[in-house]
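Okay, so here's the structure we're looking at.
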Amino acid sequence: MQECIDIFNTFAGCLTASGADPGLAQFLSILLGVVLVAMGPLVIVIFLIWVERKYAARVQDRLGPNRVGPFGLLQTFADALKLITKEDITPAGADKLIYNLAPIISVVSVILIWAVVPISPLHIGADLSIGALYFVAVGSIGTLAIMMAGWSSNNKYALLGAFRVVAQLVSYEVPLVFSLLVPVMFAGTMSMQGIVEAQLGMWFIVFSPLAALIFFISTQAETGRAPFDLIEAESELVAGYNIEYSGMKFGLFFAGEFLHVFTNALIFAILFTGGWLGPFVYQVPALGIIYLFAKGSIFYLLSLHLRNTLPRIRIDQLMSFNWKFLVPVSIANLILVAFLWKVIQLIGLLPGPENASDFLAHLPAAIIMLVGNLALTVVVLQMLRNVGRRAVAANAVSTPANAELDDQPYSLPVPH
Amino acid sequence: MVPLWMYLFVAAALFCIGAYGVFARRNAVAILMGIELMLNAVNINLVAFWRYQTPFVMSGQVFAAFVFVVAAAEAAVGLAIIISIYRNRRSVIVEDVDLLKW
Amino acid sequence: MEFNIHSIVFLIFSVITLGGGLGTVTSRNLIHGAVYLIVSLFGVAGLFILLSAPFLAAIQVLVYIGAIAILIIFAVMLTRSMTRMTEIYNRQWSLSLVVSALLFVLLLVGIILPVWGPGTANAALQPSELVATTVDLGVAFVDGNQFVLPFEVASLLLTAAMIGAIVIARDRD
Amino acid sequence: MNFIDFTDPNVMPWLIPVGPLLAFFIITLVTNRSKLIPATSPEYGGHHPDYDGMLVPVVNDWGRVASILVGLAGILVAWIISLNVVGQALATPHFGEQVFASSIVWLDTGLTAFRMGVLVDPLTTIMLIMVPLACTMIFIYSIGYMAHDPRQARFFSLISLFAGAMLTLVVADNLLLLFVGWEVMGLCSYMLIGFWFEKESAYKAAIKAFMTTRVADVVMLLGIVYLYSLTGTLSFREIVYNEAVLAELAATPALLIGGLSAASLIGIFLIVGTIGKSAQFPLHVWLPDAMEGPTPVSAMIHAAAMVSAGIYAIIRMFPLFAAGADPSHGVLTPPLVMMALVGAFTALFAATMAVAQYDVKRVLAYSTISQLGFMMAALGIGAYVAAAFHLITHAFFKALLFMASGSVIHGMEHGEHHVHEHAHAHDHAGEDEHGESHAHASHFDPQDMRNMGGLRKTMPVTFWTFLIGGLSLAGLPLVTAGFWSKDEILAEAFYGGFTRNYLGAHAIVFIALVLAATLTAFYTMRQLGLTFWGEARTEEARHASLGRGIVSVTMTLPLIVLAVFAVAAGYVGVPSDFPIFGAIFSPEHNPFHHFLGPTLLEPPGTHSFNWIPVLFGSAAALGGIALGWYMYWRKPLQAGEPDPLVNILSPAVFQTLHNRYYIDELYGRVFIRPAQWFANRVASEFIDRGVIDGILHLIGRVFTWIGDLLKVLNQWLIDGFGDGVAELIEAFGYWFRRLQTGQVQQYILLATVAAILIGLIFAVSTGILQAAGG
């Protein structure tokens, strides 16, 4: 770790030597670090788009981009060039400032997340003590961008889309945070690096698969991908909040979206499947990067697959699914997990720091947590089944004969 | 590190700006924003004093956190009131809401 | 004050904060006002970071920008006809200006400078390098003999506010 | 937060009432899940024409079962805990000098603090042996008895509350807590007697019981308050077990009434309360009507709880009544004399009424009254232990009798159903079957003994248990519990009355009780004969049975258990010098006597054995039994044949007895009508309209005249001034109200300006500005 810091320090030292004010030099060196961290995603996104298109093509039984460059790898560059050279329209009556600010913020909100993404034992933008919280906080800024875009582009479809999206995103932040709390609780810290290292013995997905599932679903909704892509429901509102955008601004929105998906995949990998952890990672830290991205890509592809295979759901279904199902379940899960965790601690099944990397030591605890989770899952499914049945019964025509008298308002008898 | 009084300076300035917003704006929402600014100024003070004087007694930060809570509650209820007022009299200009006189 | 990274960042954030604040109270278009407000709140978050209260900073971003600002924007949009008012200040704006200025001057000259200003005993006071961490804050919140009761009360307050807001804003018909 | 150790016998009594009370809350709040069904559906048992077209709540099956289980669990817990307490009490040597007690400050009254607490002394202990056992049996019995009732949950919640209140009353260590339990029981009895409120008679009876006992309770409360005002405490231990306080009470003259000591006045007040609660002579009218409630309730009221509570209270406060007197040497205080006379009279009086009843439960009701009379009388002559003893034994066999009679009624209803379904087998009126059955039920009374007969064949268990209980009540010599307790009372009375011959109260009591005992034996035999002996007089009786399955089990098991006690309970109190038996059961001393004695400051002395009262008692019992046998068993009553008793005492007399000496009507005439008349004629017409209104009108006129005079003055002087002031203020207000614009922002601006000024002053005064300048 120290060496990597020293890169910047030497840079700062060099600047000072060449006569810059030390404070300024330090500032600049940190700025350099920030730029480095921020560049990564911007490069990655270009390939993400290619992957996305290829995958979609495969799913839809097409070839996908295959002309520009090998396997059409350079297709995205071509598109980027095209987007840049396109005319950049700003609709009349649009709110210039906000209209132009929105795409930038939407990308920035994603890139900011990368500051706390630990890509290897050594490499992390800033190992904040509140990394997880930071992730949530920054993620909520994306909402803002969409709001601004929808409002500023002075178009009723855009505004409607924005309203929907904001409603959706704000709602789905709740289960997101609740399921995020689970790994934080396991690790006992909010620092991303800490969370990763806490999974040395056992991945958290084993401890609480339910939380992982909820997290995955709500990130899917956060990024507004199918089946939650109400954002650009072409059939209902022409193209959603970014209808008026064109050229690179539009491109930025999409880059932001792709990037967000991939970032969420990475965060998922970090929170639940032990980020950069893997064999020999301490000897060769660079391996961590590969492990992390490998894990991340798996979940990325999974969400791609969902996007390309699932149909879109209605907005009311979306909302009721969140508020009536995800949120209660995530809360129940959190409580249950916390309880079990405490119990495990009390009966001393929790391996201490001395054998933190011992897989077997974690096994009993893991089994208990797993069983608890599965039990909860079963219960939830049972309830779902009953709900479904009731819905069916409600749809079935109910004759007065078999009408239930329980829940009908009748007056109690009064003896005369 | 920056001396304490500069933080206080910033806080005071922010507070007065917010106060001006509260005094002078006509739109209730804008007044609410002013209030938010004032609350933030208070928070800056709390945290600054905590940091400079009792960095190991958490009351400063805790108080700031409670200010957050109160701010959130206040915003929610305030905006709800504004919206219902708007629904009833198609206006959020506080000058129009002066039934409480004479 | 010496010219170092800390002071630079402090200056930047202070400018952001105050500039955003001014924008908030002066901008004619309320949406702009909201955006300025967010900017200002960002500045405050930055100041929190400088004051080594990262948790509060994150909460600031999460609660203020993620929730309150969005709420305000919603309110603005729901009261659209009021978004662009020809006259944004009321009759007493000039007087208000004077009073706010007076208040500021009083705070500055009357209290801040004499007590903590340069040349006073408190000016030399330097924050200790050691500082309580987020963990301590968390402990303080749930510790039986520190702040657990206010914490619970706060949660109660939020619930009440939520219900109240829903009840007030709901359409009767 | 110091943890309370509930295994400590001083603290454990707190837990005794908890179980049933908890059960009450759980059932009422949780398991009483009712759904609404049309009142006409057969699922709703107590159908009433007024409800047609309405929806009535009926507890669903889950709720019923849950409620039953919860109620049962509650009482069982109470029973177990009290058994534990009893065990520890019996294990303690010299129990009585030192007792289990603990109390908490309940109401801080300045210098002194009113303490609430629990007390377990020998008396409480024997109550704790009896009450929970009887209650548990009643609960078990109710499962079967209420099996077909739509409102089981309600029933079990109420009866749990009842039991809880009774237990509270028993373990209470002060008069107020006792009174609390007392009142709660009153409420429960009200709700339970009126449990089938569709029947008009039921809720009328409920109101009657409530009102009657209320009258008494108010008086009792007076007594309590007076006692508290004198002694500053209500704790039994501090009053009753404390020579000084008693002497002081006996010394101070009562207020208002001359020639009476405070102790006596309080005593009389308390006795009036008891007279109401345990239905003694003037206030006994509510108890027979209480038979409208479900039979378990009757058992509860008459055996385990309510009426015993009255006697219990008296026994509890006995030294207070006896204060300044020495009953065992014939010196009686007014309250004692009052008790003795009231008790003796009630015993005889109620027994005579019981003779002429047809309703199987009413007979028992009157016998209860009469037995309670026995106890009152015994207390009156200072036979403290004997009264307690009889209280216990009576509780056992009377609970037994009530439940047995209940199962008789149940069986009769069963038979009625059978008959009626049989009737319906061949006419196909399927849909209005329910209504029919009601029409049928209306002209058939399953409680009327004339409709019974021969039940011993169909319901043997009930018969044998009923027989045991009946004989115990009749006091069959030597073998039954009733005999021993009654014998002890008689012995005491005789000893007082004739051995030492202080004629007077003792003698009267003795004679009255002997007669009452004879009658008791007689009507018991009459009841047994009419009910069980001979041939069935109706179709219903022929098919009467408890059926089989859980109902019959739950309804017969308690009978058997109680039957055992109805016999065995007597042997704990055999006088030690009683020939043979004394040698067997109480070799060195009378165990009951010995155990209960120390409850008092100086244990009541026992006196040497005397044949005469025993002979009298046995003679009375055997004579009554023989008479009853002669009249009702030798040649049982045939269907349609009138009761031989009617001819023996002339029909007029019989009617009088049957209608309880027309006392209810008498009360109607003497109290209720006159009250109404007074209210109408005197109060309303004469006093109110005539006198008061007249005076008022006169005054009115006078003052109108004066007013006219003053008006003149008023108009120019006072109005001038007043209006002037008002206008001044108004003018100022007009000018001043400009300040209030309703502009929030202006207000806050002004507020800020004020704040700034204050800050400025502050800054200047503290010289900060100078500091800044310098």
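The values are calculated or read from the model by the stated rules, or taken from the named source; none is laboratory data. Only a predicted model underlies this, so the values are computations on that prediction, with no experimental measurement involved. Virtual Cβ from ideal backbone geometry, glycine too; neighbours counted across all protein chains shown.
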Subset of region D:175-230 that is touching a residue at least 40 places away in the same chain (Cβ under 8 Å) and polar (S, T, N, Q) - its residue that is nearest to the other protein chains (Cβ to nearest Cβ): D:Ser201
Identity of the residue in region A:280-302, in contact (Cβ under 8 Å) with a residue 60 or more places away in the chain and in a loop (DSSP other than H, G, I, E, B), that ends up farthest from A:Glu197 (Cα to Cα): A:Pro285
Sole exception among (1) surrounded by fewer than 19 Cβ atoms within 10 Å (Cβ to Cβ); (2) free of Cβ contacts under 8 Å to residues at least 12 places away in the same chain; (3) assigned by TED's automatic domain parsing to the domain that holds C:Leu11 for C:Val98, by number: (3)
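From the list D:Ile706, D:Ile663, D:Ile761, D:Ile695, pick out the single residue that is closer than 30 Å to B:Ala19 by Cα and either in contact with an Asp or Glu (Cβ under 6 Å, 6 or more places away or on another chain) or of a type outside the set (Ser, Thr, Tyr) (or both). Before the answer, list the steps.
Values: D:Ile706 fails: closer than 30 Å to B:Ala19 by Cα; D:Ile663 fails: closer than 30 Å to B:Ala19 by Cα; D:Ile695 fails: closer than 30 Å to B:Ala19 by Cα.
None of the others qualify; the one that does is D:Ile761.
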Odd one out for A:Ser171, checked against (1) farther than 30 Å from C:Leu78 by Cα; (2) assigned to a helix (DSSP H, G or I); (3) polar (S, T, N, Q): (1)
Selection status of D:Leu557, surrounded by fewer than 23 Cβ atoms within 10 Å (Cβ to Cβ), within 33 Å of the chain's Cα centre (by Cα) and modelled with pLDDT under 80: no
Yes/no for D:Leu169 being in the same structural domain as D:Gly96 (by TED's automatic domain parsing), touching a residue at least 24 places away in the same chain (Cβ under 8 Å) and not polar (S, T, N, Q): yes
Failed item, numbered, when A:Thr189 is tested on (1) within 11 Å of chain C (Cβ to nearest Cβ); (2) in a helix (DSSP H, G or I): (2)
Residue pairs meeting the criteria (Cβ under 6 Å; at least 6 apart or on separate chains; first of a type outside the set (D, E, K, R) and at pLDDT 85 or above, in region D:468-480; second surrounded by fewer than 24 Cβ atoms within 10 Å (Cβ to Cβ) and not in a helix (DSSP H, G or I)): none
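Listed here are the residues, each with its yes/no results for (1) part of a loop (DSSP other than H, G, I, E, B); (2) in contact with a strand residue (DSSP E or B) (Cβ under 9 Å, 6 or more places away or on another chain); (3) outside the structural domain of C:Leu78 (by TED's automatic domain parsing); (4) crowded, with 18+ Cβ neighbours inside 10 Å.
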| residue | (1), (2), (3), (4) |
| --- | --- |
| C:Ile112 | no, no, yes, yes |
| C:Pro118 | yes, no, yes, no |
| C:Asn122 | no, no, yes, no |
| C:Val139 | no, no, yes, no |
| C:Pro150 | no, no, yes, no |
| C:Val153 | no, no, yes, no |
| C:Leu158 | no, no, yes, no |
| C:Met162 | no, no, yes, no |
Residues being at the interface with chain C (Cβ under 8 Å from one of its Cβ atoms), more than 17 Å from B:Ala12 (Cα to Cα) and either crowded, with 24+ Cβ neighbours inside 10 Å or touching a Gly at 6+ places or on another chain (Cβ under 9 Å) (or both) - total across region B:24-57: 8
Condition met for C:Ala69 (surrounded by 24 or more Cβ atoms within 10 Å (Cβ to Cβ), in contact with a Gly (Cβ under 9 Å, 6 or more places away or on another chain), within 14 Å of chain A (Cβ to nearest Cβ) and modelled with pLDDT under 90): no
Among the candidates C:Val105, C:Val44, C:Val61, residue that is of a type outside the set (Gly, Ala, Ser) and more than 20 Å from the chain's Cα centre (by Cα): C:Val105
Subset of region A:100-128 (residues that are buried (at least 20 other Cβ atoms within 10 Å of the Cβ), within 11 Å of another protein chain (Cβ to nearest Cβ) and touching a residue at least 40 places away in the same chain (Cβ under 8 Å)): A:Ala102, A:Ile105, A:Ser109, A:Val116, A:Leu128
Failed condition for D:Tyr747, given (1) at pLDDT 80 or above; (2) aromatic (Phe, Trp, Tyr); (3) more than 30 Å from B:Leu32 (Cα to Cα): (3)
Subset of region B:1-18 that is within 7 Å of chain C (Cβ to nearest Cβ) and either within 12 Å of the chain's Cα centre (by Cα) or not in a helix (DSSP H, G or I) (or both) - its residue that is farthest from C:Asn90 (Cα to Cα): B:Met1
Test: residue in region D:5-16 that is more than 30 Å from D:Glu200 (Cβ to Cβ), at pLDDT 75 or above, surrounded by fewer than 17 Cβ atoms within 10 Å (Cβ to Cβ) and under 26 Å from the mean Cα position of the chain (by Cα): no
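What's the total number of residues in region B:12-71 that are among the hydrophobic types (A, V, I, L, M, F, W, C) and either on the phi > 0 side of the Ramachandran plot or in contact with a Pro (Cβ under 7 Å, 6 or more places away or on another chain) (or both)?
Step one: list which residues in region B:12-71 are among the hydrophobic types (A, V, I, L, M, F, W, C), which gives B:12-17, B:19, B:22-24, B:28-33, B:35, B:37-39, B:41-42, B:44, B:46-50, B:56-58, B:62-71.
Of the ones still in play, those that are also either on the phi > 0 side of the Ramachandran plot or in contact with a Pro (Cβ under 7 Å, 6 or more places away or on another chain) (or both) are B:66.
Count: 1.
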Residue within region C:17-33 that is away from chain A (no Cβ under 14 Å), in contact with a Gly (Cβ under 9 Å, 6 or more places away or on another chain), of a type in the set (A, V, I, L, M) and crowded, with 19+ Cβ neighbours inside 10 Å present: yes
Answer residue from region A:189-220, given it is among the small types (Gly, Ala, Ser) and at pLDDT 90 or above and is farthest from A:Leu363 (Cα to Cα) among those: A:Ser218
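When region C:100-149 is examined, which residues are found to be polar (S, T, N, Q) and more than 8 Å from chain B (Cβ to nearest Cβ)? Reasoning before the result, please.
First, pick out the residues of region C:100-149 that are polar (S, T, N, Q): C:100, C:120, C:122, C:126, C:128, C:133-134, C:145-146.
C:Thr120, C:Thr133, C:Thr134, C:Asn145 - these are the residues of region C:100-149 that are polar (S, T, N, Q) and more than 8 Å from chain B (Cβ to nearest Cβ).
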Top-ranked residue in region C:80-90 [being at the interface with chain B (Cβ under 8 Å from one of its Cβ atoms) and in a loop (DSSP other than H, G, I, E, B); ranked as farthest from D:Phe762 (Cα to Cα)]: C:Met85
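Each row is one residue, and each column tells you yes or no for (1) within 25 Å of D:Phe179 (Cα to Cα); (2) without any contact (Cβ under 8 Å) to a residue 12 or more places away in the chain; (3) among the aromatic types (Phe, Trp, Tyr).
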site: D:Leu72; (1), (2), (3): no, no, no
site: D:Leu83; (1), (2), (3): yes, no, no
site: D:Ala101; (1), (2), (3): yes, no, no
site: D:Thr109; (1), (2), (3): yes, yes, no
site: D:Met116; (1), (2), (3): yes, no, no
site: D:Cys135; (1), (2), (3): yes, no, no
Every pair of residues 6+ apart whose Cβ atoms lie under 6 Å, when the first sits in region B:68-90 and is more than 7 Å from chain C (Cβ to nearest Cβ) while the second is crowded, with 20+ Cβ neighbours inside 10 Å and not β-branched (Val, Ile, Thr): B:Gly78/B:Leu32
Options B:Gly60, B:Gly21; residue that is at the interface with chain C (Cβ under 7 Å from one of its Cβ atoms), part of a helix (DSSP H, G or I), crowded, with 24+ Cβ neighbours inside 10 Å and in contact with a helix residue (DSSP H, G or I) (Cβ under 6 Å, 6 or more places away or on another chain): B:Gly21
